[in-house]
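Report on the structure given below.
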Amino acid sequence: MSEVRRLVLDVLKPHQPTMLVLADKLGDLEGVHGVDITLIEIDNKVENIKITLEGDDVDFQDVAEVVQDAGGSIHSIDKVSTGKRLIDEVETPQDAGASWLR
Amino acid sequence: MSLSGSPGPAARLLRGLATLRHYHEIAEVGEIARRYFPMNAFDGVLTALGIVTGAYFGGVTEPASLVVVIASASLSLGVSGFYGSYLSEQAERTRALRELEDTMLSRLDETDVGSAARYATLAIAAVAGFASAIGGLIMCIPLALQSVLGTAASFYAAWGVAALELVLLGVFLGRVSRGRLVVSSVKLVLAGGVAFVLSLLLNVAGV
């Protein structure tokens, strides 16, 4: 089974614990080399964030546990990259042709 | 780490302390505890001051006998401070947690947010209870030393301790507000003076 090298999650969480604390805890997980958290939207009580994790073996269950302990809930898994090396999404002519829609 | 591979007592203690610090930050305990502490300590000091002043002007000649009175009153205030703030804090925290759950559409009791709310309730109640009791209990010390200090001097020393406690509370509040420490200390000592004068007037009025 190949290891997860990059994982992008859409998460809803309370304001506390802060993104700093959450990033710190995620960064401490085994197999995680880098964490990026971006604020997407902020509300009176909650905030919607995008979590990007990179490493040589990112364990989704461990990540989900940290997020849930922080009171957050994972809305969706937006991107997963696995394999021996990390590759990026390739843009196809269809994507380029439809870019005027975006 | 112990030989069995499980964390030793020191590591567990450190981890426990780190968890409490984490809850402390999440639940923002510091600011609320800072409000409860001077408020309840002030109550405790003024209550004990009233007992000492009333006893002095009422003709009590054995200040040592006041020790049990003040200690009992202080402990009752401590219990009252603990339970009062525990119940009100629990109600507020539970309400806030339920509102957050409604927004999140998920239960939060078993998360760090829920644990932090429970920790905050207990921590704040402990601070409030301790603050209520400690001021009066400290004032017992000079009264208990009546045999060493003498009757009048132990009363004066108890007033002195009360004034000192009020000054320290004023310094604490001054540091919190980043204002002038002398001004906030004088304000609290004046409040003590008002309580003192009211006790004196009660005696003059023959109550």
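None of the figures in this text is laboratory data; all of them are computed from the coordinates on show. Remember, it's a predicted structure, so these values are computed and weren't measured experimentally. All Cβ positions, even for glycine, are placed from backbone atoms using ideal geometry, and neighbour counts span all protein chains on display.
Put simply, the amide H of residue A:79, placed in the peptide plane, has neighbours under 5 Å in A:8, leaving out anything fewer than 5 places away on its chain.
Find the centroid of the Cα atoms in region B:116-149 and in region A:9-45, then give the distance between the two in whole Å. Using only Cα atoms to place each centre, the spacing works out to 40 Å. Assuming charge only on the beta carbon of Lys and Arg (+1) and of Asp and Glu (-1), the dipole of the protein assembly as shown about its Cα centre is about 1580 debye to the nearest 20. Debye-formula intensities of region B:22-204, expressed as log10 I(q)/I(0) at q = 0.08, 0.10, 0.11, 0.17 Å⁻¹, are -0.33, -0.49, -0.57, -1.01 (one equal scatterer per alpha-carbon, no solvent).
Hey, if you drop one equal point scatterer on each alpha-carbon of region B:95-162 and run the Debye formula without solvent, what base-10 log of I(q)/I(0) do you get at q = 0.20, 0.26 Å⁻¹? For region B:95-162 at q = 0.20, 0.26 Å⁻¹, log10 I(q)/I(0) is -0.81, -1.00. Think of the protein assembly as shown as having a plus end and a minus end, set by charges on the Cβ of Lys, Arg, Asp and Glu; of B:51, B:41, A:86, B:51 sits farthest toward the positive end of this dipole.
Here the protein assembly as shown yields Rg over Rh of 1.21, to two decimals, using C-alpha coordinates and the Kirkwood radius. From its DSSP helices (H runs of at least four residues, each -39,500 (n - 2.57)), chain B gives a residue-normalised ellipticity at 222 nm of -30000 deg cm²/dmol. The alpha carbons of chain A stretch over 43, 36, 18 Å along the principal axes, in descending order.
Would you mind counting up the charge near residue B:101? Only other residues with Cβ under 12 Å from its Cβ, with Lys and Arg at +1 and Asp and Glu at -1. Don't skip to the answer; put the middle values down first.
Values: positive: A:45, B:95, B:98, B:107; negative: B:99, B:102, B:109, B:110.
Value of the local net charge: 0.
Ordering B:185, B:75, A:52 by the projection of their Cα atoms onto the charge dipole of the protein assembly as shown, which places +1 on the Cβ of Lys and Arg and -1 on the Cβ of Asp and Glu, puts B:185 at the extreme positive end.
For region B:22-204, a simple Cβ point-charge model (Lys and Arg +1, Asp and Glu -1, everything else neutral) yields a dipole of about 580 debye relative to the Cα centre.
In percent, what relative contact order does chain B have, based on Cα pairs under 8 Å that are 6 or more apart in sequence?
Details: 243 pairs, mean separation 62.6, N = 207.
In percent, rounded to a whole number, it is 30.
Highest GNM mean-square fluctuation among B:166, B:190, B:143, for chain B modelled with Cα contacts below 10 Å: B:190. Within the listed set B:67, B:197, B:45, the Gaussian network model of chain B (springs between alpha-carbon atoms below 10 Å) gives the highest mean-square fluctuation for B:197.
Which number gives the lysine pairs in the protein assembly as shown that have C-alpha atoms under 29 Å apart and are eight or more places apart or on different chains? Final tally of qualifying lysine pairs is 11.
Mean-square fluctuations from a GNM of chain A, with a 10 angstrom spring cutoff on Cα atoms, peak among A:15, A:33, A:75 at A:75. Distance between the modelled labels on residue A:33 and residue B:203, one decimal in nanometres: 8.0 nm (7 Å Cα→Cβ projection). Residue A:85 sits among other residues whose Cβ lies under 15 Å from its own Cβ, and their net charge, with Lys and Arg +1 and Asp and Glu -1, is -3.
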